[in-house]
């Protein structure tokens, strides 16, 4: 089975060596990878360059969040590396700065709306009166206004977001689990097929692949589920 570029495998592992070993084990079962904060300080960018040079799709999940000038310059620095996707926090001024920073490049910038580990009680505990769907929809409109390329949301909000955005707007969904799979620390989840049917453009899968006894088989099964097989 050919790899599906809409599946980003999260390389959330303790070392670059383990992440590299996982990519080798997956072989042609995966073509798209996400590198996040866990690997960033210990060689994550070197691994990103390796994957890019090997023709892989790379999603840098760095969630930039700072003053406008810093975000703009940081995004500009990333834009020349050849990565496909970069995350920033979905605050209006941050997203607008990111849009300026990526101008003229092929980098897609997406805003992180509400983490998939947060449910209504968790949102209330940190001071939000709105529920997750309301927050996600508000931030989606702010992302459109800022001129970035998409958002990150749980699969449960994807359908409402898709109905309100252009066809080329990216909706990237973590919180994806196979039927009957362990949810871990995710609260708002869906199967790969359901996430895509709801309007997601890409899905991110971590532990169901990177902690699997046979990661290649796990990726193959997820890809099949994505296609409704």
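The values are calculated or read from the model by the stated rules, or taken from the named source; none is laboratory data. If you're wondering where the values come from, they're calculated on a predicted model, not measured in any experiment. We place every Cβ from the backbone using ideal geometry, glycine too, and count neighbours over all the protein chains shown.
Within the stretch 121-147, can you find the residues that are at pLDDT below 85 and in contact with a helix residue (DSSP H, G or I) (Cβ under 7 Å, 6 or more places away or on another chain)? Please lay out each step first, then the result.
Step one: of the stretch 121-147, the residues at pLDDT below 85 are 121-133.
Selection gives 123, 128, 131, 132, 133.
Evaluate the following for residue 23: is it out of contact with any helix residue (DSSP H, G or I) (no Cβ under 6 Å at 6 or more places or on another chain) and over 25 Å from residue 138 (Cβ atoms)?
yes
Considering each of 168, 182 in turn, give the residue that is at pLDDT 95 or above and over 15 Å from residue 5 (Cα atoms).
Only one candidate passes the filter, namely 168.
Kindly list the number of the only condition in (1) under 20 Å from residue 12 (Cα atoms); (2) modelled with pLDDT under 95; (3) surrounded by 21 or more Cβ atoms within 10 Å (Cβ to Cβ) that fails for residue 195.
Among (1) under 20 Å from residue 12 (Cα atoms); (2) modelled with pLDDT under 95; (3) surrounded by 21 or more Cβ atoms within 10 Å (Cβ to Cβ), the lone unmet condition for residue 195 is (1).
Go through (1) over 28 Å from residue 144 (Cβ atoms); (2) touching a strand residue (DSSP E or B) at 6+ places or on another chain (Cβ under 9 Å) for residue 21 and report which single condition fails.
Failing condition for residue 21: (2).
Cβ-Cβ distance below 7 Å, separation of 6 or more or different chains: which pairs start in the stretch 198-215 with a residue that is on the phi > 0 side of the Ramachandran plot and end on one that is in a strand (DSSP E or B) and buried (at least 20 other Cβ atoms within 10 Å of the Cβ)?
Sorted first by the residue in the stretch 198-215, then by its partner, the pairs are 199/171.
Identify the single condition in (1) crowded, with 20+ Cβ neighbours inside 10 Å; (2) more than 14 Å from residue 87 (Cβ to Cβ) that residue 56 does not satisfy, given that it satisfies every other one.
The single condition residue 56 does not satisfy is (1).
Report whether or not residue 85 is farther than 27 Å from residue 164 by Cβ and surrounded by 14 or more Cβ atoms within 10 Å (Cβ to Cβ).
When the stated conditions are applied, residue 85 does not pass them.
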